[in-house]
Amino acid sequence: MADENTVQDEETAHPRGLTVRERLERRVRMNVPGRGNARLREFIAHVNASEELYALWTAINVNAIERLGMTDHGPVHVKIVMNIAVKLLRLLVDRGIEPSIVTNYGMSNDDAELVVAAASLLHDLGMSIHRSGHEEFSLFVAQDQLKQLLAGIYDPATAAVVRSEVLHAIIAHRSGGKPLTLEAGVVRVADALDMAKGRSRIPFEAGSTSIHSISAMAIEAIHIDAGETKPIRLRVDISNSAGIFQIDELFREKLRGSGLEPYVELEAKLEGEEGERRLFREYRL
């Protein structure tokens, strides 16, 4: 699941051997359907104008890809997560589920969209420092960025509350994180849904063969729609039985405790090669 620019973005997001300035000249632009949300549109404009933020995303991928042999955690990843998160939140709101910032602070659904967009874009900033403990590191790196990105969008007191909501969503995306808000749960689940086939090729082609990389290669596509019995329906196309690990172990762990469990239905279908011994054809979570 990604927007229409993802293929182009993946080709330019992590060019090796270039200077910081050369990387900035090839930057990936952030976009998300605004649906009349003026604050979200202004926030994204601030994001795209920030060279400092893009340099941090570049540093994240140097650590993740070049030094650790991991998947992309930079601008393409956060762009995908942001678009998934905003879509998930809108599906929930369309079914009458109220975001926490509305319930607790009397703010609007538009403000909730800004919170999930911001948390999605900033959730891995700590990886510019180190993978270990990156969720905690992300908090103080994101705090500084948020003060700049929210400037002029909210008055100082409201901006402080919005920053707190974003920072909560960032720390709650970690393993064992316990989201206290709907928005944080949305970001946690959205992060886990960036698992389609092309998203795992960097470690796989580098020779890092494990159940994680093999199962991720089996995820062909993820479709996010309004559900029939629940607000969100996830349909996952799998080309090999190994893909079930990605869903049953990794995605289930992120969904558990997110607060979104009552709102999500998932169906995975196997459309693998005929030569494979099919262990299942359909899986539901």
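No value in this document is a laboratory result; all are computed from the given coordinates. Computed from a prediction, not measured in an experiment: that's the story for all the values here. Every residue, glycine as well, gets a Cβ built from its backbone with ideal geometry; the counts of neighbours run over all protein chains shown.
The figures follow:
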{"item": "Among Ile44, Ile80, Ile211: highest mean-square fluctuation, GNM of the chain, C-alpha pairs under 10 Å", "result": "Ile211"}
{"item": "Gaussian network model of the chain, springs between alpha carbon atoms under 10 Å - residue of Ala226, Ala218, Ala157 with greatest fluctuation", "result": "Ala157"}
{"item": "Residue-averaged [θ]222 nm for the chain, counting only DSSP H segments that reach four residues, each worth -39500 (n - 2.57)", "result": "-14000 deg cm²/dmol"}
{"item": "Relative packing of 239-250, 17-28, which averages over residues the other C-beta atoms within 10 Å, highest first", "result": "239-250, 17-28"}
{"item": "Ranking of His130, His77 by count of other Cβ atoms within 10 Å, fewest first", "result": "His130, His77"}
{"item": "Cβ charges +1 (Lys, Arg) and -1 (Asp, Glu), total dipole of the chain, debye", "result": "240"}
{"item": "Sites matching trypsin sites (Lys or Arg not before Pro) across the range 238-273 that sit in DSSP coil, with at most 15 neighbouring C-beta atoms within 10 Å", "result": "Arg256"}
{"item": "Distance from the range 26-55 to the range 123-191 (C-alpha centre basis), Å", "result": "16"}
{"item": "Largest-first ellipsoid semi-axes for the range 1-194, taking √(5λ) over the Cα gyration tensor eigenvalues, angstrom", "result": "26, 17, 16"}
{"item": "Sorted peptide list for 32-38, 112-118, criterion being average Cβ within 10 angstrom, highest first", "result": "112-118, 32-38"}
{"item": "Extension reserve of the Ser164-Glu42 stretch, reckoned as 0.36 nm per residue once the Cα distance is removed", "result": "42.0 nm"}
